[in-house]
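Here the structure comes first, spelled out in structure tokens, and everything after it is commentary.
The values are calculated or read from the model by the stated rules, or taken from the named source; none is laboratory data. This one's a predicted model, so the numbers in the text were calculated from it and none came from an experiment. Please note: Cβ atoms are built from the backbone with ideal geometry, for glycine as well, and neighbour counts cover all protein chains shown.
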Amino acid sequence: MQDSILKGKKILIVEDDLSSRLYLNKILEKTEAILLNAGDGKEAVELVEKDPEIELILMDIQLPVMDGYTSARKIRELRKEVKLIAQTAYSFSDDMEDMAASGFDDFLIKPIYSGQLIEKLSSYYENI
Ligand SMILES: [Mg+2]
């Protein structure tokens with residue numbers, strides 16, 4: 001297999017549902033990206049504070065402790081350049097407005113498929 005453009009990139013997966021988290025890890029392991037995981041929004045903010053090498057964040061919206069919108073806003077205050085991608089079960093326009101207002105760059109609607117996920121994350125590097 002050709003080297004993935006995501007190889008060595010640090011990606012943070014924020015997901016409270018364990019089976020979803022394992023599923024996303026399994027997909028992204030193939031790219032040889034460096035994968036970090038957080039189970040709630042507060043943990044995600046703390047990881048971003050500690051690790052300036054995180055480049056991409058794939059964040060669930062419905063999260064315990066701190067929801068995805070609040071977490072995204074805090075992360076955006078800390079890091080202007082990080083790519084923030086929401087993963088959501090919803091596709092209504094009000095949610096999209098909330099996502100944009102919270103600092104998300106983009107979103108994926110669940111269920112998320114392997115090819116779609118890798119293509120979306122890779123696109124941030126292909127356009128540079
Ligand atoms: Mg959730």
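Annotations for the structure displayed:
- Exactly one residue out of GLU81, GLU49, GLU32 is surrounded by fewer than 16 Cβ atoms within 10 Å (Cβ to Cβ) and on the phi > 0 side of the Ramachandran plot: that is GLU32.
- Single residue of region 72-89 satisfying the filter (within 12 Å of the ligand (Cβ to nearest atom) and not aliphatic (A, V, I, L, M)) that is modelled with the lowest pLDDT: THR88
- For SER123: the one exception among (1) over 21 Å from ASP16 (Cβ atoms); (2) within 16 Å of the ligand (Cβ to nearest atom): (2)
- Qualifying residues in region 29-53 (those that are of a type in the set (Val, Ile, Thr) and within 23 Å of LYS110 (Cα to Cα)) - the one nearest to the ligand (Cβ to nearest atom): VAL45
- Here is the figure for region 1-26: residues that are of a type outside the set (D, E, K, R) and either within 12 Å of the ligand (Cβ to nearest atom) or closer than 25 Å to VAL65 by Cβ (or both) total 11.
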